[in-house]
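The values are calculated or read from the model by the stated rules, or taken from the named source; none is laboratory data. Quantities reported herein were computed from a predicted structural model and do not represent experimental measurements. Here the Cβ positions follow ideal geometry from the backbone for every residue, glycine too, while neighbour counts run over all protein chains shown. Side chains included, ligands, DNA and RNA excluded: accessible areas come from the protein's heavy atoms. Shrake-Rupley method; radii C 1.70, N 1.55, O 1.52, S 1.80 Å.
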Amino acid sequence: MRASWRWAGARSIGTSHVKTGTPCQDYAYAKEFLTREGPVMVAVVSDGAGSASHAEFGSRTVCLTFLRACRSYLARSTLSSLTEDDVWDWVDSIREAINFKAKAAEARPRDFAATMVAILAGSEVSVVIHVGDGAVVLKRADMEEWQVPSWPFQGEYASTTSFVTDDPQPRLVVTVVEGVVEEFAVFSDGIERLVLDHVSKTAHNPFFNRMLAPLKASQAPSFDRDLSAALEDYLESPSVCERTDDDKSLILGLRL
């Protein structure tokens with residue numbers, strides 16, 4: 001069956017991590033699922049906490065466990081019937097996976113601390129799931145402006161946020177978006193201040209229009225590997241790294 005979405009994605013280590021010899025602590029993944037209600041495009045990004053000793057494993061566990069939970073749910077149910085309780089079950093499964101890895105590494109779950117931001121884009125409804133910073137921005141078929149359904153969470157102190165491993169539980173935001181989502185972007189906090197206006201709490205429309213243009217011109221049937229490589233080059237470019245020294249992840253999606 002022909003794919004209903006075209007997407008590209010990349011992540012890049014921050015210059016501050018290069019200087020300290022720290023690995024990239026971001027992880028990102030996207031996949032299209034076929035369901036009874038039609039195709040559902042899922043994209044998730046996780047940013048490991050800089051202070052967590054196993055952050056890179058935490059972000060990877062978040063993304064892969066989240067995708068497995070989505071696959072299991074969509075195989076037996078529909079996106080339109082997804083509830084917040086269902087999402088909490090997914091979060092619990094991620095926390096259990098991290099607890100297992102923490103025990104094996106003789107570490108604490110908070111040593112794997114990571115955020116999570118994701119979108120499940122269906123035929124008539126989409127769901128944004130958010131723990132911590134980073135964001136999803138999207139454009140619906142009936143709108144010209146890019147929307148930010150769930151704003152990045154900033155803690156009481158500078159550079160603090162919420163993590164999936166928070167005790168007793170993380171700050172989870174589940175947002176249902178009615179209507180047809182035609183384009184989206186999911187990204188970690190590494191590029192937040194480049195693409196979001198934190199005063200007006202809006203997306204920088206020219207940036208996302210410019211980033212989606214190559215995806216519209218592409219002939220790739222689904223995942224665009226060449227554009228993903230070009231996206232990685234962009235995230236590693238001086239024009240970006242001069243404005244942010246953090247790890248950066250970005251997934252772009254276009255409904256065909």
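At-a-glance table
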{"read-out": "Evaluation of Ile94 against (1) part of a helix (DSSP H, G or I); (2) under 19 Å from the mean Cα position of the chain (by Cα); (3) surrounded by fewer than 24 Cβ atoms within 10 Å (Cβ to Cβ) (one fails), failing number", "value": "(3)"}
{"read-out": "Close pairs (9 angstrom Cβ cut-off, 6 or more residues apart or separate chains): closer than 19 Å to Arg225 by Cβ and at pLDDT 95 or above in segment 12-31, part of a loop (DSSP other than H, G, I, E, B) and open to solvent by 70 Å² or more (accessible area, probe 1.4 Å) anywhere", "value": "Ser12/Glu236"}
{"read-out": "Residue selected from segment 69-91 under the condition without any contact (Cβ under 8 Å) to a residue 40 or more places away in the chain and within 17 Å of Ser46 (Cα to Cα), by the criterion surrounded by the fewest Cβ atoms within 10 Å (Cβ to Cβ)", "value": "Ala69"}
{"read-out": "Single condition Ala118 does not satisfy, out of (1) surrounded by 16 or more Cβ atoms within 10 Å (Cβ to Cβ); (2) free of Cβ contacts under 8 Å to residues at least 40 places away in the same chain; (3) assigned to a strand (DSSP E or B)", "value": "(2)"}
{"read-out": "Test: residue in segment 147-158 that is among the polar types (S, T, N, Q), open to solvent by less than 30 Å² (accessible area, probe 1.4 Å) and touching a Pro at 6+ places or on another chain (Cβ under 7 Å)", "value": "no"}
{"read-out": "Enumeration of residues in segment 233-256 that are under 19 Å from the mean Cα position of the chain (by Cα) and closer than 27 Å to Gly122 by Cα", "value": "Lys248, Ser249, Leu250, Ile251, Leu252, Gly253, Leu254, Arg255"}
